[in-house]
There are 4 protein chains.
Amino acid sequence: MKKESIIALLHGPDHPGIVSQVASWIYDRNGNIDHADQHKDPEANIFFQRVEWTPYDASEKSLEKESNAFKSFARSTLEMSASVVLSTKKPKVALFVSKIDHCFHDLILRFKANELNGTLACIISNHEDLKDAAESYDIPFYYTPLEKNNKANAEEAQNKLLKELEIEVVVLARYMQILSSEFLKAISVPVINIHHSFLPAFAGGKPYHQAYNRGVKIIGATAHYATAALDEGPIIYQDVTQINHRNSIIDLIRKGKDLEKSVFAQAVRLHLNNRILVYNNKTVVFD
Amino acid sequence: MKKESIIALLHGPDHPGIVSQVASWIYDRNGNIDHADQHKDPEANIFFQRVEWTPYDASEKSLEKESNAFKSFARSTLEMSASVVLSTKKPKVALFVSKIDHCFHDLILRFKANELNGTLACIISNHEDLKDAAESYDIPFYYTPLEKNNKANAEEAQNKLLKELEIEVVVLARYMQILSSEFLKAISVPVINIHHSFLPAFAGGKPYHQAYNRGVKIIGATAHYATAALDEGPIIYQDVTQINHRNSIIDLIRKGKDLEKSVFAQAVRLHLNNRILVYNNKTVVFD
Amino acid sequence: MKKESIIALLHGPDHPGIVSQVASWIYDRNGNIDHADQHKDPEANIFFQRVEWTPYDASEKSLEKESNAFKSFARSTLEMSASVVLSTKKPKVALFVSKIDHCFHDLILRFKANELNGTLACIISNHEDLKDAAESYDIPFYYTPLEKNNKANAEEAQNKLLKELEIEVVVLARYMQILSSEFLKAISVPVINIHHSFLPAFAGGKPYHQAYNRGVKIIGATAHYATAALDEGPIIYQDVTQINHRNSIIDLIRKGKDLEKSVFAQAVRLHLNNRILVYNNKTVVFD
Amino acid sequence: MKKESIIALLHGPDHPGIVSQVASWIYDRNGNIDHADQHKDPEANIFFQRVEWTPYDASEKSLEKESNAFKSFARSTLEMSASVVLSTKKPKVALFVSKIDHCFHDLILRFKANELNGTLACIISNHEDLKDAAESYDIPFYYTPLEKNNKANAEEAQNKLLKELEIEVVVLARYMQILSSEFLKAISVPVINIHHSFLPAFAGGKPYHQAYNRGVKIIGATAHYATAALDEGPIIYQDVTQINHRNSIIDLIRKGKDLEKSVFAQAVRLHLNNRILVYNNKTVVFD
């Protein structure tokens, strides 16, 4: 039912005529633009575009060819950064988890219900607690234990796995370990984390305890790309819910779980639908 | 500070190349696209576009000329309906009100604070209660009393006023009279109404009483274009708030007032910023 | 960690001294009130109270005894309706489902995570599609097929099951059949339904299609007690989310699924925590 | 229409029987409890209650007498802190403002519409910009200019005014000055401030700029009691709204204005309805 299409994300210094050049390039090759959205950051003078089109010939081979042609055009003619993907390609996802399992179950069920445009290729965990659950979902589970004072070993094993499985995006479903900057560099794929507060409030550990102690009237959750600076990466999506003085920390954790699930899923969906561009530690989200 | 620009709203049957044709037309005349947003309704096969651009020469005279040239282009070449406005032109607004005054004050204060891209040209009321308030805001107030069994007289006076003042949009700030279909036809400008429920629930009179009696847990407000069918016009914006068993009808009315103000203002803002296209009794809102 | 307590829900005609009488009764028997919440409907002149207390002796036997003593007190001295439950008793729940499975998975996972104060005793379905899933969750699954023109047979089988398993509440997780008024009468336990619209808007079938066609800007979900009048029972909880012109019916269904899950779970939680009183086809929710 | 009543706010170390003692005291004197709400902080072992009742004789004189009798009872028998007010008494409010006027207009209009249970006694400002506006609303305006390096003079003048006018609560409607701890101590009445971020995120100056630079996807507003520690006082109410990459700082400021108005008004309403208790730098809000 869904037509096959090409999706390009462009960004670079703004100059007149980009919209026209892109549209004409597609039209001249008998493609048909399905969606196009653009944004200019007037301060940074950067232009962003997400364009999705159906080429004249939508065979797999033609899609590849057109996609490559557009990449060349974007770089040489437009002089812009471009990532170009085919709607036929479902990115391979690795889910990292520890013991807390609500985001784990929620995301897996969404993959199973075809809500997410990707393939959940594996579960990686520093604990064995969710091994059986992963297997009942029929998803490969890899146990990469963290020896004391030796996180590097686990990260090396994880990196090896990601490379072997050709993983294209890592999602941290309440993975309770800080990823080293070396690891982030080595894997060189985007990593999406869910933090259980409305950042920048309550960064770091135990945000619900921090929120309870401060006496705030709202709690939140934040999905962001992980960077070497803990809880400071580009924010993708946030949401909050009201709390009151009757709510104990246990209530905050329970209410927060629902927020974490929906915020995390929304961020993963946006990423897998190629709707996010990152610049200056911020995101442009073409929703 | 704000650059002068031209804003076009286009819609019509979809065909390949529209985006490219529009972008090229602007680029070929040395204009620079500031924003562009499009939408396709795949079922109705209708294409919608909002495009805002700065022409090479942004003098008043040139803006007029370019605007007219685009209109011709849209109609003859693209074969689409087009409304084209200049960012230098502030539409003239008439505010209708009866006695309930929260939307009245709220909207006037937003005009005074330059939050809304229009000129509040007059207040028209079937009561004299808000005459002094209108005068203290320094806005012309017109009293068009409704004689029993003779709404036509008042509507004729109102239509005359709107024509004389060259009003381009009417906003009903809790105006407690139903506009006749003859009047709507005669004035031939858009009319924005605020209804105090989340339509289609609780259409008609006393929606807060209806909501209280049904025992709903949310109440809402709906801004829509008025049509001959009461409360059935195209919806522009809606919002809701939670209520509970402790809330009396008086509480619902109080909470609802805040919703009505913000929903009404948001709809008026979107209209005055030329962000709304109407088709099939629905709206496309380029926000 | 959690102390054992008694929870009473009272309601009846208001008269002075009820709060004092209840509090004194508990205090005189050396109980300690943990929570107390009351409400008066001034129009209907009905008083409602939820009171939770720890008796002096919190043994199972004493809890039973105190609970019965309070029931007598409420009926004879206060002349009010009273339902009294022990925090040690977890109500037995039957989940009805057809083929659509998001509320099914969501609720089961919440039971497994001890988020809900009840025991999920069985799954009952008019289809066999979710049999394997139920078994992998280790929950008894009963298939009660609906023969054409013979819903009574299935309902009889279902009623028998509910009686045998001593079910105390039925939850309809998108069960796509209308329950007959005879069945509702026969089972004589509360039934919680999730409807995929903000009632009373879009009652009946295909509410997302109705919403799409009307062009609303918000969609919602409503959890309510099922009564003989379809979609007209007392509303427990409602929530909504914003949509826009870009959203297809498929998007509405996807977004709605998240609403349905959270609204349904919230209603089931409130019921299982004995926080809901019903009167005049409305609910008092002591949250 | 509204019956006259007495409202007591109690708090202190928890011990059994408080609810019973309070209810019996009222019942024994032929009073009728209209509302009662209580809360226990299990960690701090503090009990909180808000109770509203109609005494047998609701004359002004009797209300005073009963109110004083309850105060004695609370202190001597219950050994709890108690503030007791009469529904017939409307607290006198002083509104501080600088130049930014949206919260100023909004709050004044709510007082005029009888939405708030208090008397707006005066406007105090460090600028003369809103003098005419205050006068058109018929509210006394006091100009207390801040000389460079001499805030003490202005604060002394302000304190004198508050004492003369017998002000019972100060509300800071975007008053752009930090109140000294000496001033807060001297005036010895509660001070409600509106901060334009979801605290503790973006405390201090220019929160919308901070939010823009961090790239958050929600912005918020926080109403709190002012204390000597800037932006760290007990939080009364908070709310947020979604933003996206298209929103400039100017958009954030505009959207934020609506949040500030509603959050500020809600906090002032709760305070004037005697619904807030403060302890451990947090609030218990009996809503």
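The values are calculated or read from the model by the stated rules, or taken from the named source; none is laboratory data. If you're wondering where the values come from, they're calculated on a predicted model, not measured in any experiment. Every residue, glycine among them, receives a Cβ derived from its backbone with ideal geometry; neighbour counts consider all protein chains shown. Accessible surface is based on the protein model in full, side chains and every heavy atom, while ligands, DNA and RNA are left aside. Shrake-Rupley method; radii C 1.70, N 1.55, O 1.52, S 1.80 Å.
Quick rundown of the values:
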{"quantity": "Unit charges at the beta carbon, dipole of chain C: most positive-side option, C:Asn274, C:Ile100, C:Val51", "calculated": "C:Ile100"}
{"quantity": "Peptide-level mean, for A:32-38, of C-beta atoms on other protein chains within 10 Å", "calculated": "5"}
{"quantity": "Overall dimensions of chain B by Cα: Rg and Dmax, Å", "calculated": "20.6, 64"}
{"quantity": "Sites C:Ile139 and B:Ser181, calculated FRET efficiency, Cβ-Cβ separation with R0 41 Å, nearest 0.05", "calculated": "0.10"}
{"quantity": "Label-to-label distance, nm, for residues given as C:Asp28 and C:Glu43 (7 Å Cα→Cβ offset)", "calculated": "3.7"}
{"quantity": "Rg to Rh quotient for segment B:6-86, alpha carbon positions, Kirkwood Rh", "calculated": "0.96"}
{"quantity": "Innermost chain A residue relative to the axis carrying A onto D, by Cβ distance in angstrom", "calculated": "A:Ala201, 2"}
{"quantity": "Those aspartates and glutamates that a straight Cα-Cα span of less than 13 Å connects to D:Lys255, excepting residues fewer than 8 apart in one chain", "calculated": "B:Glu115, D:Asp239"}
{"quantity": "Qualifying lysines (Cα of each under 21 Å from Cα of B:Lys163; at least 8 residues distant if same chain)", "calculated": "B:Lys89, B:Lys90, B:Lys92, B:Lys151, B:Lys185"}
{"quantity": "Solvent accessible area, Å² - C:Lys160, 1.4 Å probe, full protein context", "calculated": "130"}
{"quantity": "Vicinal HN-Hα couplings computed from phi for segment C:195-201 (Karplus, 6.51 cos²θ - 1.76 cosθ + 1.60; Hz; Gly/Pro x)", "calculated": "10, 8, 7, 7, 4, x, 5"}
{"quantity": "About the Cα centre, charge dipole magnitude for segment A:213-269 (Lys/Arg +1, Asp/Glu -1 at Cβ), debye", "calculated": "280"}
{"quantity": "Distance from segment B:83-111 to segment B:249-279 (C-alpha centre basis), Å", "calculated": "12"}
{"quantity": "Greater than 25 Å apart at Cα, pairs in A:Lys282/C:Lys261; A:Lys257/C:Lys112; B:Lys131/D:Lys112; A:Lys217/D:Lys206; D:Lys112/D:Lys206", "calculated": "A:Lys282/C:Lys261; D:Lys112/D:Lys206"}
{"quantity": "Using θ = phi - 60° and Karplus 6.51 cos²θ - 1.76 cosθ + 1.60, couplings along segment B:211-228 (whole Hz; Gly, Pro as x)", "calculated": "5, 4, 5, 6, x, 5, 9, 9, 10, x, 9, 9, 9, 8, 6, 6, 10, 4"}
{"quantity": "Per-copy distances of the D:Glu60 label point, shortest first, in nm (7 angstrom along Cα→Cβ)", "calculated": "6.3, 6.3, 8.9"}
{"quantity": "Protein-only accessible surface order, largest first, of A:Trp53, D:Trp25 at 1.4 Å", "calculated": "D:Trp25, A:Trp53"}
{"quantity": "Peptide C:230-237 - average C-beta neighbours from other chains (10 Å radius)", "calculated": "2"}
{"quantity": "Amide N of segment D:77-114 lying under 12 Å from the label point, which is placed 7 angstrom from the Cα of B:Ile250 along Cα→Cβ", "calculated": "D:114"}
{"quantity": "Shortest-first nm distances, C:Met176 label point to equivalent points in other copies (7 Å, Cα→Cβ)", "calculated": "4.2, 4.8, 6.1"}
{"quantity": "Segment D:122-177 and segment C:198-229: distance between their alpha carbon centers, rounded to Å", "calculated": "52"}
{"quantity": "Charged-residue dipole, Cβ positions (Lys, Arg, Asp, Glu), segment C:6-86 about Cα centre, Debye nearest 20", "calculated": "180"}
{"quantity": "Other-copy label distances relative to D:Ile139, 7 angstrom Cα-Cβ extension, nm", "calculated": "2.0, 5.5, 5.6"}
{"quantity": "Karplus 3J(HN,Hα) series, Hz, for segment C:80-91 with 6.51 cos²θ - 1.76 cosθ + 1.60 (x for Gly, Pro)", "calculated": "10, 6, 9, 10, 10, 10, 9, 5, 7, 8, 9, x"}
{"quantity": "Positive-end residue, segment A:92-285 charge dipole about Cα centroid, Cβ charges, pick of A:Pro234, A:His245, A:His196", "calculated": "A:His245"}
{"quantity": "Cα-centred dipole magnitude for segment A:92-285, charges only on beta-carbon of K, R (+1) and D, E (-1), debye, nearest 20", "calculated": "660"}
{"quantity": "Charge dipole of segment B:6-86 about the Cα centre (unit charges at C-beta), most positive-ward option of B:Leu86, B:Phe73, B:His35", "calculated": "B:Phe73"}
{"quantity": "Residues with amide H under 5 Å from that of C:Thr227, placed H, sequence gap 5 or more", "calculated": "C:Glu232, C:Gly233"}
{"quantity": "Difference of contour (0.36 nm per residue) and Cα-Cα distance, A:Asn153 to A:Asn213", "calculated": "17.9 nm"}
{"quantity": "222 nm mean residue ellipticity, helices alone, for chain C (DSSP H n ≥ 4; -39,500 (n - 2.57); rounded to 500)", "calculated": "-10000 deg cm²/dmol"}
{"quantity": "Beta bridges per DSSP with both ends in chain C, % antiparallel, nearest 5", "calculated": "70"}
{"quantity": "DSSP beta bridge pairing in segment C:62-166, given as percent antiparallel to the nearest 5", "calculated": "10"}
